[in-house]
Amino acid sequence: MIGVATLWILLLLGVGGIALDRVLSTAITRNFDAQLDYVLTALIASSEIGPDGEAYLNRPPADQRFLEPYSGLYFQISGDGFEPFRSRSLWDRALDVNGAHSDFAVHSYDSREFSSEALRVLERDVRLPGSEVRWRFQVAQGREGLDEQINVLRRTMVRSFGVLGIGLIAMAALQAFYGLWPLRRVRRAIAQIRSGEKSRIDERFPQEIEPLTEELNDLLVHNEVQAEEARRHAGNLAHALKTPLTVITNAATAHSPDLGHTVIREAAAMRRQVDHHLARARAIGRRSSAQARAEVWPSLESVERAVTRLYENVTVDLAGDKDATVRVERQDLDEMLGNLIENAAKYGGGRVFVTVKAMPECVEIEIEDDGRGVPEAERQSIFDRGARLDTEKPGTGLGLAIVRDVAEIYGGSVRLEESEDLGGLLARLKLPIGR
């Protein structure tokens, strides 16, 4: 920031200094030319034509420098066919007569015709009364005084702009240093959190930094929640695997005759638990991206095709908003809908009706069947891992538990009710709307 500010300040001061130098140098030069023009006008006013047709001055010049040799102020009157009438200050020199212009306007230019002296020349062509000759009046003055004024101006400008530039750069540095100082405090606070001295950023900061610290605190809370979820998840998995492993160890130690059957049964139980926890872990990992979006209708059609192929005697009807989108990964949405619709097909009487409703904050998906339903007292316990009301049909008892856990991970919910239209069970799945 300081480097960019320095470059920008130097660029602006450089461009501004050059422009100001041009303006002031031009103004000083014009003032210098105005003085020479006054002398030139006075010279023309005092000129007359003599008896021989030559031009002369009817009164001596007022400025005594015209009488001093090499004084730095000169005049010359030139005409075709006549010797130039020169000021005594020119002594043995003469001004060059340039025929580059043919008008009667005043012309000014710089000249190096004298090797020892740079000149500023004003000249004008005039026809004097009583003469047909085109007379050129020239007044010249050494540029030494003019150049000295311009040099003094430039030295003053360079010093002034230098002091101004140093001041502006110093102010930019101070502004950057003190403006970014709160970020150094934030860095120290984060270091203290990492070392365990603090758990939150509790200092007061300027209002420009407050949103950053609030987001950092929210991130810490989010990470703590995720860490707690991971610890709880690992504990649940360890607890779920502990009992089957104990049963297998006891059976193996006792040389149980049905050891093989026991191992197969308990291994299947452990696999179910691992699958369940893996599904939760995948959902948590995908949720953290915060960019998950899935269209409900294509997922429903995919699940409907799979279920009708698996249960040929079941009819699945879809209705509702075909454009609804939820903030859920497509794979997790397929898993939730697949579990709910497959349960409805498995335990229903042959009809499954799915309705999609888009609401302001969520998308509600209703899955109804025409089966026996679930008693109200048992609708909550059925979400427990391994809970099954109908043990005659194959299953693991983890489907609804997975649906509940995955829905809650994404900020949604699932609830079981009684279907008023079909008389069976109604599963109401609510998921955050995808915007």
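Structural remarks
- Potential lengthening of the chain between Gln331 and Arg232 amounts to 33.3 nm, from the contour at 0.36 nm per residue minus the alpha-carbon distance.
- The chain: relative contact order in percent, alpha carbon pairs under 8 Å with at least 6 residues between: 10
- Two-decimal Rg to Rh for region 2-150 - Kirkwood Rh, Cα set: 1.15
- With K and R counted +1 and D and E -1, the other residues having a Cβ less than 12 Å from that of Phe104 yield a net charge of +1.
- Hits among aspartates and glutamates - C-alpha to C-alpha of Lys198 under 16 Å, sequence gap 8 or more where chains match: Glu214, Asp218, Glu224
- Its residue count N fixes a reference of 2.2 N^0.38 Å for the chain, and the Cα radius of gyration divided by that reference is 2.27.
- Proximal lysines relative to Lys346, as straight alpha-carbon distance under 17 Å, when same-chain residues fewer than 8 apart are discounted: Lys393
- Only aspartates and glutamates eight or more places from Lys322 in sequence, or on another chain, were considered; those with a Cα closer than 20 Å are Glu295, Glu301, Glu304, Asp332, Asp334, Glu335, Glu361, Glu364, Glu366, Glu368.
- Value of relative contact order over region 2-150, rounded to a whole percent, pairs C-alpha under 8 Å and six or more apart: 23
- In order along region 370-379, the Karplus-derived 3J(HN,Hα) couplings, from 6.51 cos²θ - 1.76 cosθ + 1.60 at θ = phi - 60°, round to 10, x, 7, x, 10, x, 4, 5, 9, 5 Hz, and Gly and Pro are given as x.
- Within the chain, longest stretch clear of exposed GluC sites (Glu not before Pro) (DSSP loop, no more than 13 other Cβ within 10 Å): 1-131
- With the charge dipole of the chain set up from +1 on Lys and Arg Cβ and -1 on Asp and Glu Cβ about the Cα centre, the Cα lying farthest toward the positive end among the listed residues Trp297, Ala105, Pro129 is that of Trp297.
Bear in mind that the values in this text are calculations on the coordinates, not laboratory data. On a predicted model such as this, the values are computed, not experimentally measured, just so you know. Glycine gets a Cβ as well: all are built from the backbone with ideal geometry, and neighbour counts include every protein chain shown.
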